[in-house]
Amino acid sequence: MSYFKEIFYGGLSLIEGMAVTVRRLFRPLVTVQYPRKKIPLSSAYRGHIELKVFEDTGTHKCIVCLNCEKTCPSGVIAVQGVKLKEKGPKTATNYVIDFSKCSLCGLCVEICPTQTLQYSKEYELVGETQSDCVIDLLARLAKQAEAREAAEKKTQGLAA
Amino acid sequence: MAEQDGTQAYRRIYTLNLGPQHPSTHGVLRILLDLDGEYIVKADPIIGYGHRGHEKMGENRQYKQFLPNASRLDYLSGMLFNHGFVLAVEKLVGIEVPERAKYIRVIASELNRISSHLLWFGTYVMDLGGFTPFLYAFDDREQILDILDSVSGSRLTYSYCRFGGVTRDIDSKFIDMTRAFLKRMETRWADYDDLVTKNIIFIHRTRDVGIIDAELARQYGVTGPNLRACGVAFDVRRIEPYEVYDRLDFEVPTGSKGDALDRYNVRFNEMQQSCRIIDQALDQLPGGDFLTKKVPQKLGPPKGEVYSAFESARGLSAFYLVSDGSPGPYRCHIRVPSFGNLNVLNEVLPGTLVADAISILGSIDVVIPEIDR
Amino acid sequence: MSEGLFGSEWFRLILGLLIVLGFSQLNALFLVWLERKVAGHIQLRPGPMEVGPHGILQTIMDGIKLVGKELILPLKADRKLFFLAPVLVFMPVLVGFLVLPFGPSMIIRDMNLGVLLVFAFSTFTVLAILAGGWASNNKYALLGAIRSVAQNVAYEIPLLLAVMSVVLMVNSLSFSEIVRSQKSIWFIFLQPVAGLIYLISATAETNRAPFDIPEAESELVAGFHTEYSGMGFGLFFLAEYTNMFIVCAVATSLFFGGWNGPFGISLGIPGVFWFLFKTYILIFVIMWVRWTFPRVRFDQLMNFSWKVMIPLSLANLVVTAIVVKLI
Amino acid sequence: MKAKELEAVMIEKFPDAPLRRDETGMTGALWSIVVPISIIRDVAKAFGSAGFFLESITALDFEDTFELVYHFNCYEPKSRLVVRMLCGHDQVPQSICDIFRGAGWLEREVHDFFGISFSGNTDMRPLLLPEDADYHPLRKTFGKVSAYHKREEIYG
């Protein structure tokens, strides 16, 4: 008897399974067609690090204390700086990261005494060689400032 | 192709090299199978393709700098290993953790445990040939990743815990998302039951397959859901509770026979228990700091050793740190659960079919990079 | 002269062959697309979307890609058999089209042994799979081939026994005869057990999930066609879908009334559309099954065939014979 | 209390071995015992018959000696116990892979990283390292090393 019972209940379980999948057939899709649509990033998203621009100085506040360079587990960060004034902190002349080694732990951001490091929101990075992963943060900052100025000019021009 | 076996004239044993590139070896595992037809005569797992030298790295780094490594050991439960490492160092140095941080860690860890189990669920059914449950599980897992992403900023290797707390406080949005997720999962279990658990084909593929009994499990140091499936209610969260697990009410699901179906059921129930834990932890969540301020930048722990165990998604894991007083450990050993869980294959696989080998391998849920370290 | 040419048997045959070739290829491409769409929507994703509206041209692009790829011959493979196998797998499925009754007058050759011809030739697929798996000089491929042979032997029997019950009722092996006798009521209502057994065996016969153990990608990587690349693989792939069409078309004509509408109601729709509509519904069901169930194990499959399917179909045949005799 | 019973057994059987209790639970173990290299199999047998399982075997490289650390645990109640064994750089300890069948791999791992071979374990192929590896990365003489101590410097 259990022979027929197993066939019957087995068949029933198969039909139940098919009911689950066919119901899904008429549900809205959950995937996003990526390059055309994008999901908003979470506010905590950790991209590679970048220098923050402060309102009061109009630029970053890196004082070349080398804390980030020392704390980085993988040796991603290289900072150089000069003393512009006799007294007071140094100013960074070079801030380069090798993103190919970075494990995005965020220790550098936490240790920065002037809090001038932050995570960028960039995730569509692409490169053909390992050297493409080397990012010069100061050059990036300058480029961003340029873009901002151009955008401002454009809006002013439109307003005029 | 098939070599003649010298001793037995008409039984041909041949060797099949399963992996390291094979759809079902989960990472880079290679198993040398000696086959008689489709029956396995001898199985020899070969590991080490993913060896990165984490233990050596640990000796050469400061405690803090090892944090990103911890979540890369078992990348499917990165939060749990992150949590475990932080626990070990806190025990070694003697750092007090605020109550709120403890709860946040437990919530995040349990979410990670569910996501790890969901991934296992999906890949296991896929190993058995059912592709669709895999994507349903990924859909659910995606919700967890979104939740953890919103608080840690990362989707897989979280590096969320810090000595003395966590990097970022959780907000009401996180709590709402988590509650919504718990509610969503309540309806999903029934679907999974209909689609997989009750399915006659699935039951036949898993029942009485790959039986690991309690004695075999003890011999090989099998822990986690694989051990609980043979009826031993051993859970680090229950036996030596860390954080706030002793204040939360949860069951330790066990099986009876220790076959693949039991392992499946134990993990499946464990996900539901984790949901319960999260629900209670959210209810009890106190206010206060999420990170203690009193942790120095450079840790100088006293000389000595600490062996701190925690329950990762795959079983008993532990960090064994020996300190010589310097800011980095003298020795950093990591006890990984998959090591014993995979080792037992030596004895479980012989006598089964190739198709069963895949089923068994999937059901014990190993993460190879965790073993390779 | 011209009339003689167009009316001649040769012309009919050549035209038929061209139509069959064109139809079977296009149909297979469409089915591949349909499978991906069905799978996609079952899994809450859209499936192919990029090439053409809703990705309808995707499979054609895939075909072009496959044609452009190199055919790699494994070291120490049996060269002749290796290249023969994909051709061998495609030839018999074309023969099947010769006798399928698409409509009352749309049969290329209305043979009175049509049913026998289809099943006789469908066994060729096994030979092709065995040849391909053996010739590849690969252990996975060989295992797949062995499994395939055992599986087909086990499932031919219930398949033919199920068909036999229908043949007993009609007393003919001609497809058009069988379809004509279903004008008022389809055989699926008279022979539900045989119909179900036929569908299950047909799924196993075409190596579709949950009986896709010769391929079993999570166990045997890709089974018998592990070593095939380019169009060699493409032919195996297309043959699978053409095969699926044939077994579903046969099921339609044997159990679901062929070109007849349900209960003799045709709604003025030409018979060929009824036929294709029902065939595609059956194909959809087979796809739906594939994307729902896990794979059965090899020995369980054999158990199921020998312990459940064959006794059931035998019993069904005996009951049918008695009833036919009594009426 | 399996740990208590076993403690009594240890003290009775191996009176010379220094047994150190850890009341605070800091190290994660109830007590640890330092045994001479010759009796490890007897100790392991005692643990095995008491229903313990082997959690991990690991080693530490000191300037003067290797130290092998065996972590045993049992399911109920909480009772992790540690067996330590001092093993000179040229000594060959005995394998316990027939008492705990899972120990074979753990010993292979120790052999990989420290170059300690175990007598009685027939399978000493590299486990995690490449097949032809002839180096032992966790020895303090390999690669970058931050410190190399004598054993007393840490355990005092």
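The values are calculated or read from the model by the stated rules, or taken from the named source; none is laboratory data. The model shown is predicted, which means the values in this text are computed figures rather than measured ones. Note that each Cβ is placed from the backbone with ideal geometry, even for glycine, and that neighbours are counted across all protein chains shown.
Couple of notes before you dig in:
- When residues in segment B:171-210 are screened for being part of a loop (DSSP other than H, G, I, E, B) and surrounded by fewer than 17 Cβ atoms within 10 Å (Cβ to Cβ), 3 of them pass.
- Contacts under 6 angstrom Cβ, first residue in segment C:208-223 being within 7 Å of chain B (Cβ to nearest Cβ), partner modelled with pLDDT under 80 and assigned to a loop (DSSP other than H, G, I, E, B), 6 or more apart: C:GLU217/B:PRO23; C:SER218/B:PRO23; C:SER218/B:SER24
- Of the residues making up segment C:33-59, those that are without any contact (Cβ under 8 Å) to a residue 60 or more places away in the chain and not in a loop (DSSP other than H, G, I, E, B) are C:TRP33, C:ARG36, C:LYS37, C:GLY40, C:HIS41, C:PRO53, C:HIS54, C:GLY55, C:GLN58, C:THR59.
- Candidates are the residues of segment B:104-140 that are among the charged types (D, E, K, R) and more than 15 Å from the chain's Cα centre (by Cα); the one that is nearest to B:LEU285 (Cα to Cα) is B:ARG105.
Every residue, every condition in (1) buried (at least 17 other Cβ atoms within 10 Å of the Cβ); (2) more than 9 Å from chain B (Cβ to nearest Cβ); (3) in contact with a Pro (Cβ under 9 Å, 6 or more places away or on another chain); (4) modelled with pLDDT of 85 or more, yes or no:
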{"position": "A:MET1", "(1), (2), (3), (4)": "no, yes, no, no"}
{"position": "A:GLU6", "(1), (2), (3), (4)": "no, no, no, no"}
{"position": "A:ARG27", "(1), (2), (3), (4)": "no, yes, no, no"}
{"position": "A:VAL32", "(1), (2), (3), (4)": "no, yes, no, yes"}
{"position": "A:LYS37", "(1), (2), (3), (4)": "no, yes, no, yes"}
{"position": "A:SER42", "(1), (2), (3), (4)": "yes, no, no, no"}
{"position": "A:PRO73", "(1), (2), (3), (4)": "yes, no, yes, yes"}
{"position": "A:VAL76", "(1), (2), (3), (4)": "yes, yes, no, yes"}
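- Among the residues of this structure, B:THR157 counts as one that is more than 9 Å from chain C (Cβ to nearest Cβ), in contact (Cβ under 8 Å) with a residue 60 or more places away in the chain, more than 23 Å from B:TYR264 (Cα to Cα) and outside any helix (DSSP H, G or I).
- Selected residue (criterion: modelled with the highest pLDDT) from residues of segment A:44-65 that are surrounded by 11 or more Cβ atoms within 10 Å (Cβ to Cβ) and of a type in the set (Val, Ile, Thr): A:ILE49
- Verdict on B:ILE358 being modelled with pLDDT of 90 or more and assigned to a helix (DSSP H, G or I): no
- Helices (runs of 4 or more DSSP H) wholly inside segment C:212-327 containing at least 2 residues that are under 19 Å from the mean Cα position of the chain (by Cα): C:230-255, C:271-290
- Selection status of C:LEU88, outside any loop (DSSP other than H, G, I, E, B) and touching a residue at least 60 places away in the same chain (Cβ under 8 Å): no
- Candidates in segment C:284-319 are the residues that are more than 21 Å from A:GLU16 (Cβ to Cβ) and among the β-branched types (Val, Ile, Thr); of these, the one that is surrounded by the fewest Cβ atoms within 10 Å (Cβ to Cβ) is C:VAL318.
- Top-ranked residue in segment C:197-207 [being part of a helix (DSSP H, G or I) and away from every other protein chain (no Cβ under 14 Å); ranked as modelled with the lowest pLDDT]: C:GLU205
- Failed criterion for B:LEU216 (all others in (1) more than 10 Å from every other protein chain (Cβ to nearest Cβ); (2) closer than 18 Å to B:ASP365 by Cβ hold): (1)
- The condition of being surrounded by 23 or more Cβ atoms within 10 Å (Cβ to Cβ) and in contact with a Phe, Trp or Tyr (Cβ under 9 Å, 6 or more places away or on another chain) does not hold for C:GLU227.
- Residue in segment B:83-95 that is within 26 Å of B:PHE268 (Cβ to Cβ), touching a strand residue (DSSP E or B) at 6+ places or on another chain (Cβ under 8 Å) and at pLDDT 85 or above present: yes
For (1) closer than 30 Å to B:LEU128 by Cβ; (2) touching a Lys or Arg at 6+ places or on another chain (Cβ under 9 Å), each residue gets a yes or a no:
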site	(1), (2)
C:VAL167	no, no
C:VAL179	no, no
C:GLY195	yes, no
C:PRO210	yes, yes
C:ILE213	yes, yes
C:HIS225	yes, no
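- Selection count, segment D:18-58, where residues are within 14 Å of another protein chain (Cβ to nearest Cβ), surrounded by fewer than 17 Cβ atoms within 10 Å (Cβ to Cβ), assigned to a helix (DSSP H, G or I) and not charged (D, E, K, R): 1
- Neighbours by Cβ (under 9 Å, 6+ apart or cross-chain): first from segment B:241-252, on the phi > 0 side of the Ramachandran plot; second polar (S, T, N, Q): B:GLU243/B:SER109
Okay, residues lined up against (1) more than 10 Å from chain D (Cβ to nearest Cβ); (2) under 21 Å from the mean Cα position of the chain (by Cα); (3) closer than 25 Å to B:GLU59 by Cα:
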position: B:ASN269; (1), (2), (3): yes, yes, no
position: B:GLY300; (1), (2), (3): yes, no, yes
position: B:LYS303; (1), (2), (3): no, no, yes
position: B:ALA313; (1), (2), (3): yes, yes, no
position: B:ALA318; (1), (2), (3): no, yes, yes
position: B:SER326; (1), (2), (3): no, no, yes
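Residue by residue, here is whether (1) outside any loop (DSSP other than H, G, I, E, B); (2) hydroxyl-bearing (Ser, Thr, Tyr); (3) over 15 Å from the mean Cα position of the chain (by Cα); (4) within 11 Å of chain B (Cβ to nearest Cβ) holds:
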site: D:LEU60; (1), (2), (3), (4): yes, no, no, yes
site: D:GLU67; (1), (2), (3), (4): yes, no, no, yes
site: D:TYR70; (1), (2), (3), (4): yes, yes, no, no
site: D:PRO77; (1), (2), (3), (4): no, no, yes, yes
site: D:VAL82; (1), (2), (3), (4): yes, no, no, yes
site: D:ARG125; (1), (2), (3), (4): no, no, yes, yes
site: D:LEU129; (1), (2), (3), (4): no, no, yes, yes
site: D:LYS140; (1), (2), (3), (4): no, no, yes, yes
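- Residue that is surrounded by the most Cβ atoms within 10 Å (Cβ to Cβ) [pool: residues in segment B:328-343 that are more than 7 Å from every other protein chain (Cβ to nearest Cβ) and not in a helix (DSSP H, G or I)]: B:PRO329
- When residues of segment B:160-170 are limited to those that are more than 10 Å from chain A (Cβ to nearest Cβ) and at negative phi, the one surrounded by the fewest Cβ atoms within 10 Å (Cβ to Cβ): B:ASP169
- Residue match in segment C:6-15 (condition: in a helix (DSSP H, G or I) and either within 14 Å of chain B (Cβ to nearest Cβ) or in contact (Cβ under 8 Å) with a residue 40 or more places away in the chain (or both)): yes
- Residue match in segment D:94-109 (condition: within 7 Å of chain B (Cβ to nearest Cβ), surrounded by fewer than 22 Cβ atoms within 10 Å (Cβ to Cβ) and in contact with a helix residue (DSSP H, G or I) (Cβ under 7 Å, 6 or more places away or on another chain)): yes
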